[in-house]
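Note sheet for the following structure.
The values are calculated or read from the model by the stated rules, or taken from the named source; none is laboratory data. The structure displayed is predicted, hence computed values, not measured ones. Here the Cβ is made from the backbone with ideal geometry for all residues, glycine too, and neighbour counts use every protein chain on show.
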Amino acid sequence: MRDAEPKAIHLADYRPPDWLVEKVDLDFALHPSQTRVTARLALRRNPKGAAGAPVVLEGDDLTLVRLAIDGTPLAGSSFEATGNRLTLAHPPADAFLLEIETLVDPTANTQLMGLYRTSGNYCTQCEPEGFRRITYYPDRPDVLSVFTTRIEADKQEAPILLGNGNLVESGQVPGTSRHYAVWHDPWPKPSYLFALVGGRLAKVADSFVTASGRKVELGIYVEEGKEARAGYAMDSLKRSMRWDEEAFGREYDLDVFNIVAVSDFNMGAMENKGLNVFNDKYVLASPETATDADYSGIEGVIAHEYFHNWTGNRITCRDWFQLCLKEGLTVFRDQEFSSDQRSRPVKRIADVRMLKAAQFTEDAGPLAHPVRPETYREINNFYTATVYEKGAEVVRMLKTLLGEEGFRKGMDLYFERHDGEAATIEDFVSSFADATGRDLSQFSLWYAQSGTPVLNVSGTYDEAAGTYRLDISQSVPPTPGQPEKKPMVIPLALGLVGPDGRDQPLMLGNTPVERGVVEVKEATQSFLFTGLDARPVPSLNRGFSAPVNLVSDLTEADRVFLAAHDADPFNRFDALQRIALELLKTGARTGTLPAPDALVTAARAILADPALDAAFKAQALALPGEGEVARELAREVDPDAVFAARKALRVTLGTTLAEGFTAAYAAGAASGAFSPDAASAGRRALRNLALDYLAVTGSADGIARAKAQFEAADNMTDRITALAVLAQHDVPEREAALDAFYRRFERDALVIDKWFTLQAQIASPTTLDRVKDLMLHPAFSLANPNRVRALVGAFAAANPTQFNRADGEGHAFVAEVVLTLDSKNPQVAARLLASFKTFRQLEPARRGHAEQALRRIAETPGLSPDVADIATRSLA
Ligand code: PHE
Ligand code: ZN
């Protein structure tokens with residue numbers, strides 16, 4: 001058990017470890033309820049630690065069996081073992097071997113941290129603080145050690161035994177039904193990167209030859225019978241390995257690289273050295289079971305975990321405050337990889353959509369925190385959109401400011417200086433400053449200040465002088481613990497679009513603006529552009545060069561113009577979205593949608609433009625989500641009014657552009673065999689968007705088209721979108737299709753997750769009862785995180801009208817589930833609870849209900865630190 005009231009931990013209190021672990025030998029005797037772990041730690045006093053400090057090791061839920069020092073058993077009087085700590089107040093020497101034997105129960109481990117079982121197999125999850133649930137250890141990322149792991153198990157129960165590093169020995173345990181394997185990882189690593197897997201798994205094997213000619217054996221381990229579904233993951237892995245060599249000069253460094261797919265996992269995947277463990281959602285795909293989004297998710301997550309080998313593993317984090325050092329950087333790297341594999345503009349649009357939906361929302365609510373937090377009570381609650389997504393944006397801005405070459409120099413220097421170390425954000429930023437000679441001190445505010453900056457921009461054209469002046473002011477709204485902010489460095493990529501739709505020269509005085517990026521650094525600042533013979537329309541924040549809320553004086557007509565002509569595809573998308581957002585905001589506030597003519601014109605032009613690819617069109621024509629409208633409204637939000645406005649606008653577009661959508665639907669029909677590539681996925685996306693618009697009124701032919709597609713589909717994308725369209729309408733076809741879908745995919749957990757999600761998202765007052773019924777469905781289980789997220793997570797995060805029901809029943813229901821789940825899996829419970837983060841935007845009645853639900857949780861005795869932390873911060 002953990003401490004009841006975890007104390008706040010502060011970055012400022014960081015001290016180097018008092019003891020280091022030179023090497024560690026682990027011996028696991030796997031057993032369903034009594035796994036015996038013998039750890040031999042070669043401890044050595046850290047000269048940088050506190051003089052005379054005791055040995056203090058972390059532990060959690062361990063049964064201590066035996067302790068020995070240099071081979072001699074330790075008497076009970078010479079140590080103290082509490083639930084969370086093992087203390088040797090008087091270590092015998094400055095270097096000695098400590099042997100610890102513990103028992104752990106993997107079957108009883110429902111929180112899925114440490115050693116646990118999934119589908120009968122054994123696996124581990126140690127980031128951030130799971131290793132202490134395996135043995136007593138200095139469980140902190142700045143203690144790096146060389147691990148050797150012996151795993152022993154019943155050969156029937158666990159024919160496959162995997163560990164970090166390279167396999168050095170394996171065999172039968174004489175006279176028993178047990179066998180063993182010994183794995184050695186030559187690269188020093190912190191305990192959070194430790195992993196082992198034991199079980200009955202099928203292997204998909206391949207190999208990769210590195211740039212320097214070393215052969216690496218690749219293995220993806222999946223449930224028996226699922227081998228054929230690992231092909232895309234394997235292909236993504238090989239492409240990732242090549243790409244990291246080409247784009248960053250980083251080669252793989254072991255003889256083997258293994259991935260194991262498991263069905264019970266708290267997160268997406270984990271980058272354990274040489275042995276990545278994955279939520280099987282990010283490994284398994286077949287055309288019949290996986291959507292295009294699943295395929296791109298697999299490609300991105302496989303890449304992400306692989307890229308951690310350098311950004312995370314070879315260079316790790318000094319402490320958990322530095323989490324974005326590995327996560328933000330690695331997200332940036334996986335985004336770049338996917339951009340190179342697919343369409344760069346479409347990838348950027350998708351990433352920004354997700355950034356705004358998840359991170360901007362987080363930044364605008366009670367859970368806002370800096371990319372590098374300065375304090376935490378429960379680190380598990382900081383694997384957030386801010387650390388990951390905004391963390392990636394900060395790295396992207398660095399690249400925008402320094403240029404391709406400067407950025408690469410900085411990365412190279414970072415790898416050169418810190419390989420083998422546990423580093424900090426200061427180390428990272430200094431590498432770029434030193435490599436390029438730039439002062440990045442103001443830039444570092446991006447790591448320290450929370451909240452999304454607001455950039456106010458207005459332009460003035462002086463016809464006589466041929467100049468255009470941009471007046472810019474910036475501010476960062478107050479966030480928890482940070483009432484006042486300093487001005488940031490904002491790389492603003494821009495263009496001045498002339499009446500012919502072409503970019504005019506971008507000159508400040510006589511100097512061309514380098515790479516089209518100006519740097520906004522002051523609270524207010526003006527830029528005078530010269531040499532313009534006509535009034536330009538400014539295209540601002542191109543490619544979303546900075547993660548800011550831009551408020552400009554552009555007119556609706558300017559936006560229609562940009563949507564049609566901007567050379568920057570992101571801003572064509574954004575112009576259209578902004579027109580729609582303004583309509584939706586007014587519609588939601590007043591109950592009446594303003595005349596949508598400008599939007600219709602712009603949308604029609606995009607839909608008909610033969611130069612644009614389908615994936616882009618699909619993104620541009622999909623209206624901003626309800627969440628984005630709510631965030632833009634910021635206060636007194638009535639989710640029903642938002643939904644109604646959005647529905648009305650969808651009906652308008654669907655009916656006025658019916659001809660265009662009908663043509664797009666027909667043109668998008670598949671030719672030939674299914675392929676998950678980006679262009680094919682884009683065609684499906686546009687066709688399915690058209691299907692949705694054509695059925696939005698619930699007309700008989702719209703429903704019939706959806707039903708026909710549902711029945712004839714040869715791939716999951718087409719089938720599930722057709723089902724989602726039917727599910728939005730209260731028609732008899734809905735229940736029939738849902739039943740048919742369930743029967744068809746009954747044995748396919750990942751597909752049944754989609755079935756749960758789809759129903760949880762129906763915007764109807766009957767949905768809450770449906771969700772409650774589904775919790776009693778034999779296929780539902782609170783023990784499986786994917787299932788909980790699929791049903792309750794989707795209801796709370798992706799059904800704003802029903803989660804925020806006016807009678808408060810949606811909030812009460814989710815709160816109830818959080819409390820039930822908390823005793824089993826606090827991390828998943830805490831994540832679910834974080835869905836309340838937008839409650840302060842709501843109109844008073846709904847806000848009151850949400851607050852009441854949060855209070856009920858906060859006042860419940862015996863909460864996990866995870867849930868207690870989210871509840872407290874949400875209410876603060
Ligand atoms: N480090 C994992 C990643 O790649 C995320 C993770 C965190 C997984 C904690 C499990 C537990 O982003
Ligand atoms: Zn990561």
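The set of residues in segment 283-304 that are within 13 Å of ligand 1 (Cβ to nearest atom) and either among the hydrophobic types (A, V, I, L, M, F, W, C) or touching a residue at least 40 places away in the same chain (Cβ under 8 Å) (or both) comprises Val301, Ile302, Ala303. With the structure loaded, tell me whether Val371 is among the aliphatic types (A, V, I, L, M), outside any helix (DSSP H, G or I) and within 16 Å of ligand 1 (Cβ to nearest atom) or whether it fails that test. Considered against the rule, which asks whether it is among the aliphatic types (A, V, I, L, M), outside any helix (DSSP H, G or I) and within 16 Å of ligand 1 (Cβ to nearest atom), Val371 comes out as yes.
Checking each residue in segment 775-788 for being out of contact with any Leu (no Cβ under 8 Å at 6 or more places or on another chain) and free of Cβ contacts under 8 Å to residues at least 40 places away in the same chain picks out Leu776, His777, Pro778, Ala779, Ser781, Arg787.
Scan segment 207-227 for residues that are of a type outside the set (D, E, K, R), loosely packed, with under 14 Cβ neighbours inside 10 Å and touching a strand residue (DSSP E or B) at 6+ places or on another chain (Cβ under 9 Å) and jot them down.
Ser207, Val209, Gly225
Considering the conditions (1) on the phi < 0 side of the Ramachandran plot; (2) in the same structural domain as Val476 (by TED's automatic domain parsing), Gly516 is excluded by exactly one of them, (1). Would you confirm whether any residue within segment 332-355 is within 16 Å of ligand 2 (Cβ to nearest atom), touching a residue at least 24 places away in the same chain (Cβ under 8 Å), under 20 Å from Pro190 (Cβ atoms) and in contact with a strand residue (DSSP E or B) (Cβ under 9 Å, 6 or more places away or on another chain)? There is no residue in segment 332-355 that is within 16 Å of ligand 2 (Cβ to nearest atom), touching a residue at least 24 places away in the same chain (Cβ under 8 Å), under 20 Å from Pro190 (Cβ atoms) and in contact with a strand residue (DSSP E or B) (Cβ under 9 Å, 6 or more places away or on another chain). In segment 587-602, the condition of being part of a helix (DSSP H, G or I), β-branched (Val, Ile, Thr), touching a Leu at 6+ places or on another chain (Cβ under 7 Å) and more than 16 Å from Val560 (Cα to Cα) is met by no residue. Suppose the filter is within 13 Å of ligand 1 (Cβ to nearest atom), outside any strand (DSSP E or B) and among the aliphatic types (A, V, I, L, M); does Leu325 pass it? Here the answer is yes, as Leu325 does meet what is asked.
One line per residue, one yes/no per condition, for (1) of a type in the set (Ser, Thr, Tyr); (2) crowded, with 17+ Cβ neighbours inside 10 Å; (3) at pLDDT 95 or above:
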residue	(1), (2), (3)
Arg15	no, no, yes
Glu22	no, no, yes
Asp25	no, yes, yes
Phe28	no, yes, yes
Pro32	no, no, yes
Thr38	yes, yes, yes
Arg45	no, yes, yes
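Which of the residues that make up segment 461-482 are more than 19 Å from Leu540 (Cα to Cα) and either among the hydroxyl-bearing types (Ser, Thr, Tyr) or within 28 Å of the chain's Cα centre (by Cα) (or both)? Answer for segment 461-482, where residues must be more than 19 Å from Leu540 (Cα to Cα) and either among the hydroxyl-bearing types (Ser, Thr, Tyr) or within 28 Å of the chain's Cα centre (by Cα) (or both): Pro477, Pro478, Thr479, Pro480, Gly481, Gln482.
For every residue, the table says whether it meets (1) within 16 Å of ligand 1 (Cβ to nearest atom); (2) more than 26 Å from the chain's Cα centre (by Cα); (3) over 23 Å from Glu378 (Cα atoms).
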{"site": "Gly120", "(1), (2), (3)": "no, yes, yes"}
{"site": "Cys126", "(1), (2), (3)": "yes, no, no"}
{"site": "Pro141", "(1), (2), (3)": "yes, no, no"}
{"site": "Arg150", "(1), (2), (3)": "no, yes, yes"}
{"site": "Leu161", "(1), (2), (3)": "no, yes, yes"}
{"site": "Asn164", "(1), (2), (3)": "yes, no, yes"}
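Checked against the criterion of being over 23 Å from Leu67 (Cα atoms) and surrounded by 24 or more Cβ atoms within 10 Å (Cβ to Cβ), the candidates Gln156, Gln125, Gln172 yield just one match: Gln125. Per this entry, Thr148 is counted among residues that are polar (S, T, N, Q), under 21 Å from Tyr192 (Cα atoms) and part of a strand (DSSP E or B).
Can you find even one residue in segment 99-118 that is assigned to a strand (DSSP E or B), basic (Lys, Arg) and crowded, with 18+ Cβ neighbours inside 10 Å?
yes
On the basis of being within 16 Å of ligand 1 (Cβ to nearest atom), farther than 18 Å from Pro453 by Cα, in contact (Cβ under 8 Å) with a residue 60 or more places away in the chain and among the acidic types (Asp, Glu), does Glu378 make the cut? It is true that Glu378 is within 16 Å of ligand 1 (Cβ to nearest atom), farther than 18 Å from Pro453 by Cα, in contact (Cβ under 8 Å) with a residue 60 or more places away in the chain and among the acidic types (Asp, Glu). Output yes when any residue across segment 323-346 is basic (Lys, Arg), surrounded by fewer than 23 Cβ atoms within 10 Å (Cβ to Cβ) and over 20 Å from Ser145 (Cβ atoms), and no when none is. Yes.
In segment 857-868 there is no residue matching the filter, namely being part of a helix (DSSP H, G or I) and under 14 Å from Gly365 (Cβ atoms).
Scanning segment 762-774 for residues that are touching a residue at least 24 places away in the same chain (Cβ under 8 Å) and surrounded by fewer than 20 Cβ atoms within 10 Å (Cβ to Cβ) yields Ala763, Ser764, Pro765, Lys772.
Counting only strands (runs of 3 or more DSSP E) that sit wholly inside segment 422-498, those with at least 3 residues that are surrounded by fewer than 19 Cβ atoms within 10 Å (Cβ to Cβ) are 454-462, 467-475.
If you go through segment 256-274, how many residues are touching a residue at least 40 places away in the same chain (Cβ under 8 Å) and within 14 Å of ligand 2 (Cβ to nearest atom)?
7
From the list Trp320, Trp310, the lone residue that is within 15 Å of ligand 2 (Cβ to nearest atom), buried (at least 23 other Cβ atoms within 10 Å of the Cβ) and either farther than 19 Å from Phe131 by Cβ or modelled with pLDDT of 95 or more (or both) is Trp310. Within segment 459-480, residues that are in the same structural domain as Ser874 (by TED's automatic domain parsing) and under 23 Å from Val513 (Cβ atoms) have Cβ atoms under 7 Å from residues that are surrounded by 17 or more Cβ atoms within 10 Å (Cβ to Cβ) and hydrophobic (A, V, I, L, M, F, W, C) in no pair, counting only partners at least 6 apart in sequence or on another chain. Being more than 14 Å from the chain's Cα centre (by Cα), farther than 30 Å from Ser119 by Cβ and away from ligand 1 (no atom under 11 Å from the Cβ) is the requirement here; does Arg250 meet it? Yes, satisfied. Would you say Ser339 is in contact with a Lys or Arg (Cβ under 6 Å, 6 or more places away or on another chain), more than 16 Å from ligand 1 (Cβ to nearest atom) and of a type in the set (Ser, Thr, Tyr)? Yes, satisfied. Of all residues in segment 382-426, those satisfying the criterion of being in contact (Cβ under 8 Å) with a residue 60 or more places away in the chain and in contact with a His (Cβ under 9 Å, 6 or more places away or on another chain) are Phe382, Thr386, Val387.
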